[in-house]
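What follows is a single structure, written as structure tokens, with notes after it.
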Amino acid sequence: MPDTLSRSELIARLALSLPSVPAPQVGEAVKSLLEAMAGSLAAGQRIEIRGFGSFSLHCLPAGLVRNPRTGEAVAVGRRDRVHFKPGQDLRNRVAKAKA
């Protein structure tokens with residue numbers, strides 16, 4: 001199994017598991033889902049998928065950071081970071097797969 005799964009590989013897997021749904025429709029569904037999630041996060045909303053996890057924005061305040069090569073201090077503005085917190089079902093499933 002590969003370390004990462006691309007969008008096209010995800011669509012291919014879903015199309016195989018849903019033979020009654022044409023692959024182009026599966027692709028459109030995945031695209032629509034990802035766009036809706038990105039739009040919600042961009043609007044500052046939290047996304048919760050029961051049994052899977054939740055996505056939220058964490059605010060990183062403005063401040064000084066250091067350039068690791070030069071050691072020079074650089075001012076950065078306030079920024080948001082997407083945070084994912086896995087749900088209990090997902091954590092249990094991953095733990096079983098690792099065991």
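Out of all the residues in segment 52-74, which are loosely packed, with under 10 Cβ neighbours inside 10 Å and touching a residue at least 24 places away in the same chain (Cβ under 8 Å)?
58
For segment 82-99, give me each residue that is in a helix (DSSP H, G or I) and either of a type in the set (A, V, I, L, M) or assigned by TED's automatic domain parsing to the domain that holds residue 41 (or both).
Of everything in segment 82-99, those that are in a helix (DSSP H, G or I) and either of a type in the set (A, V, I, L, M) or assigned by TED's automatic domain parsing to the domain that holds residue 41 (or both) turn out to be 90, 94, 95, 97.
Looking at (1) surrounded by 10 or more Cβ atoms within 10 Å (Cβ to Cβ); (2) touching a residue at least 12 places away in the same chain (Cβ under 8 Å); (3) over 21 Å from the mean Cα position of the chain (by Cα), can you tell me which one residue 21 breaks?
(2)
Within segment 5-25, can you find the residues that are within 22 Å of residue 55 (Cβ to Cβ) and touching a helix residue (DSSP H, G or I) at 6+ places or on another chain (Cβ under 7 Å)?
Once the filter is applied, which keeps residues that are within 22 Å of residue 55 (Cβ to Cβ) and touching a helix residue (DSSP H, G or I) at 6+ places or on another chain (Cβ under 7 Å), segment 5-25 yields 7, 10, 11, 14.
Considering only segment 1-81, give the strands (runs of 3 or more DSSP E) lying wholly within it that have at least 2 residues that are assigned by TED's automatic domain parsing to the domain that holds residue 94 and under 22 Å from residue 97 (Cβ atoms).
Result: 53-60.
Taking the residues in segment 75-99 that are over 23 Å from residue 37 (Cβ atoms) and surrounded by fewer than 10 Cβ atoms within 10 Å (Cβ to Cβ) as candidates, determine which candidate is modelled with the lowest pLDDT.
Ranking the qualifying residues of segment 75-99, first place goes to 99.
The values are calculated or read from the model by the stated rules, or taken from the named source; none is laboratory data. The model shown is predicted, which means the values in this text are computed figures rather than measured ones. No Cβ is skipped: glycine too gets one built from the backbone with ideal geometry, and neighbour counts run over all protein chains shown.
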